[in-house]
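S.K.: First the structure, which I've put down as structure tokens, then a few questions once you've had a look.
A short reminder: the numbers here are calculations on the coordinates, not readings from a lab. Treat the numbers as computed from the prediction; the structure is a model and nothing was measured. So basically every Cβ, Gly included, is an ideal-geometry build from the backbone, and we count neighbours across all protein chains shown.
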Amino acid sequence: MDKTIIRLSDLAKEITEVFRKNFSMERYWVSAEILGLKINKGHCYLQLGEKDDRSTQPKAEFKAMVWSSNFSILHHRFVSETGNELQENMEILCKVEVQFHERFGMSLIVHDIDPAYTLGKIAIERKKTVDKLKQEGVYFLNKQKELPSVIQNVAVISSADADGFKDFTTKLNENKFGIVFHTKLFPSLMQGDNAPSDIISALNKIKNHSCYPYLHAVVIVRGGGQTSSLSCYNDYMLAYEVANFSLPILTGIGHTADVSVVDEVANLNLITPTAVADFITQHANSFKEHIDYLRDGIHAYANLCIESEEETVSELMNAVISNVEEKMQDEKSFFDNLARVIKQTVTKEIISQKSHLLYSKDKMRLFSESIIVAQKNKITNDKSSLKSKVYQTIKNQEQFLISAQQKSAILDPSNILKRGFSYSLYNNKPIFDPNEVPLDSEIETVVFKGSFKSKKIK
């Protein structure tokens with residue numbers, strides 16, 4: 001079978017002609033989800049698709065673009081009406097024209113975008129989030145937490161270089177009431193797709209920080225960004241964490257057109273960061289004024305009580321003085337009589353004790369004299385006995401010395417030599433062992449009447 005061969009460009013021209021006949025100047029309102037988005041040189045390049053609930057692959061997918069001449073107008077209107085920028089995973093309703101290019105293939109040219117459609121979709125998703133939080137019983141949890149009488153120690157979730165954070169701290173620290181506040185910043189992204197997870201991470205860091213037990217509230221503030229970047233505050237997980245947080249949360253995200261889900265579930269939401277700072281300072285000052293009011297009331301009541309009691313006290317004092325004087329007069333008579341009795345008793349006791357002391361003195365003198373005589377006799381007897389014992393001891397020692405002299409004479413070497421004994425010397429030293437003396441060595445033998453020398457031969 002013969003094959004009919006045509007060039008690719010010819011096929012492209014035929015397809016172009018088909019598109020021109022069937023789609024030329026036709027425009028369609030199409031609902032689709034943005035799968036991809038890129039802006040280059042003012043043009044907006046989109047990847048539009050329709051997802052399949054039963055598959056990970058989309059049912060349909062097309063390239064689309066908005067020319068720069070039209071994109072700025074459409075995007076500005078879309079942001080103004082929805083409060084959100086065009087972004088991935090967003091559903092839109094757009095008016096498109098189908099085009100086919102011989103080189104780049106088929107694409108859709110977007111001529112219009114209906115903000116009301118997207119706004120409705122956002123509202124539906126937002127309502128689903130709110131309903132889910134209410135069904136789970138966490139929607140009102142943070143609102144039910146009672147704010148402390150004074151919010152003085154505050155954890156702040158914000159971007160460190162955000163204007164809103166700077167406005168908040170400036171307003172708080174420069175308050176006209178002179179109240180001192182303590183803030184601790186936990187930095188976080190405050191807009192974009194990654195903001196919810198980053199804010200949740202900051203909330204977890206607060207719970208694990210050493211300052212947590214001393215905190216009174218958490219403040220989430222944002223400023224300087226576009227209203228269109230607020231969709232992240234409708235995120236379910238972020239709203240869940242805010243609603244379920246253990247401390248009261250105050251928000252000042254900085255928008256008036258709409259209230260986010262995070263604003264709804266927070267304990268208190270205010271429009272701007274400075275409004276949050278104003279509330280905290282006014283809240284603290286109200287407590288201070290209440291304390292001042294109570295103090296003034298107590299002071300005034302105390303003055304009234306003092307004034308009303310002064311007369312009563314004066315009367316009581318006069319009565320007490322009168323009673324004391326009367327009592328003192330009675331006591332004076334009693335003590336005078338008691339003094340006379342004591343004086344008589346003491347005088348009588350002194351006389352009695354004086355007689356007793358004189359008797360004891362004579363008795364002690366007689367007793368002492370008898371003891372002295374007895375001790376003199378004992379000393380005389382002991383002296384005689386001691387003299388006899390000393391004489392006997394000296395005699396015994398003399399006998400011992402005579403016996404020792406006799407033993408010493410017996411052991412004298414000269415007396416031993418008289419009996420025929422002798423001793424030998426080698427090198428002028430006594431010999432105790434013959435083996436210590438070498439052969440042919442000269443030995444000196446000492447006897448009673450002299451000495452002689454000899455040699456060792458074996």
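S.K.: Using the charge dipole of the chain (Lys, Arg: +1 at Cβ; Asp, Glu: -1 at Cβ; taken about the Cα centre), state which of V218, Q57, L417 has its Cα farthest towards the positive end.
M.R.: L417
S.K.: Now, a different point. For every helix of n ≥ 4 consecutive DSSP H residues, a contribution of -39,500 (n - 2.57) applies; sum these over the chain, divide by its total residues, and give [θ] at 222 nm rounded to the nearest 500 deg cm²/dmol. Working shown, then result.
M.R.: Working: 9 runs with 234 residues, N = 458.
Only helices count here, giving -18000 deg cm²/dmol.
S.K.: Moving on. Pairing the Cα long axis of helix 273-410 with the longest principal axis of the chain, what angle in degrees results, from 0 to 90 and rounded to the nearest 10?
M.R.: So the inclination is approximately 20 degrees.
S.K.: Of all DSSP beta bridges in the chain, what percent run antiparallel (nearest 5)? Each step should come with its number before you reach the end.
M.R.: Values: 41 of 59 bridges.
Around 70 percent of the beta bridges assigned by DSSP in the chain are antiparallel ones.
S.K.: If you don't mind, there's one more thing I want to ask. Can you give the Rg and Dmax of the range 56-144 based on its C-alpha atoms, in angstrom?
M.R.: Rg then Dmax for the range 56-144, in Å: 18.0, 64.
S.K.: Rg and Dmax in Å for the range 319-417, alpha carbons only: what are they?
M.R.: Radius of gyration, then largest Cα-Cα span, for the range 319-417: 40.6, 128 Å.
S.K.: Looking at the square roots a ≥ b ≥ c of the eigenvalues of the Cα gyration tensor of the range 5-115, which shape do they give, rounded for a/c under 1.5, prolate if a/b is larger than b/c, or oblate? Each step should come with its number before you reach the end.
M.R.: On the way: a/c = 2.15, a/b = 1.55, b/c = 1.39.
Taking the square roots of the gyration eigenvalues as a ≥ b ≥ c, the range 5-115 is prolate.
S.K.: Going by alpha carbons, how many degrees (0 to 90, nearest 10) lie between the helix axis of 68-82 and the longest principal axis of the chain?
M.R.: Roughly 60 degrees, rounded to the nearest 10.
S.K.: How big is the Kirkwood radius of the range 138-287, worked out from every pair of different alpha carbons and given in Å to one decimal?
M.R.: Details: mean 1/r = 0.0665 Å⁻¹.
For the range 138-287, the Kirkwood estimate is 15.0 Å.
S.K.: Can you list residues whose amide H is under 5 Å from V156's amide H, if they're 5+ apart or on another chain and H is modeled 1.01 Å from N?
M.R.: The list, which skips near neighbours in sequence, is K184, L185, F186, V219.
S.K.: In degrees, nearest 10, range 0 to 90: what is the angle between the Cα axis of helix 8-23 and the longest Cα principal axis of the chain?
M.R.: With rounding to tens, the tilt is 70 degrees.
S.K.: Take every Cα-Cα pair in the range 415-455 and report what % of them are more than 17 Å apart.
M.R.: Numbers: 246 of 820 pairs.
Looking at the range 415-455, the distances longer than 17 Å represent 30 percent of pairs.
S.K.: What's the exposure ranking of R20, R103, going from fewest to most Cβ atoms within 10 Å? Kindly include the intermediate steps, with their values, before the conclusion.
M.R.: Values: R20 12, R103 6.
The most exposed by this proxy come first: R103, R20.
S.K.: Can you give me the orientation-averaged projected area of the convex hull built on the Cα atoms of the chain, in nm²? Kindly include the intermediate steps, with their values, before the conclusion.
M.R.: Details: hull surface 366.4 nm².
Quarter of the Cα hull surface area: 91.6 nm².
S.K.: Filter the cross-link list K121/K166; K128/K166; K63/K127; K166/K288 down to pairs whose alpha-carbon distance in this structure exceeds 28 Å. Please list the in-between numbers first.
M.R.: On the way: K121/K166 35 Å; K128/K166 35 Å; K63/K127 31 Å; K166/K288 26 Å.
Over 28 Å Cα-Cα: K121/K166; K128/K166; K63/K127.
S.K.: Right, here's the next one. Straight-line reach from K332: which lysines have a Cα under 20 Å away, not including same-chain ones fewer than 8 places off?
M.R.: Partners within reach: K343.
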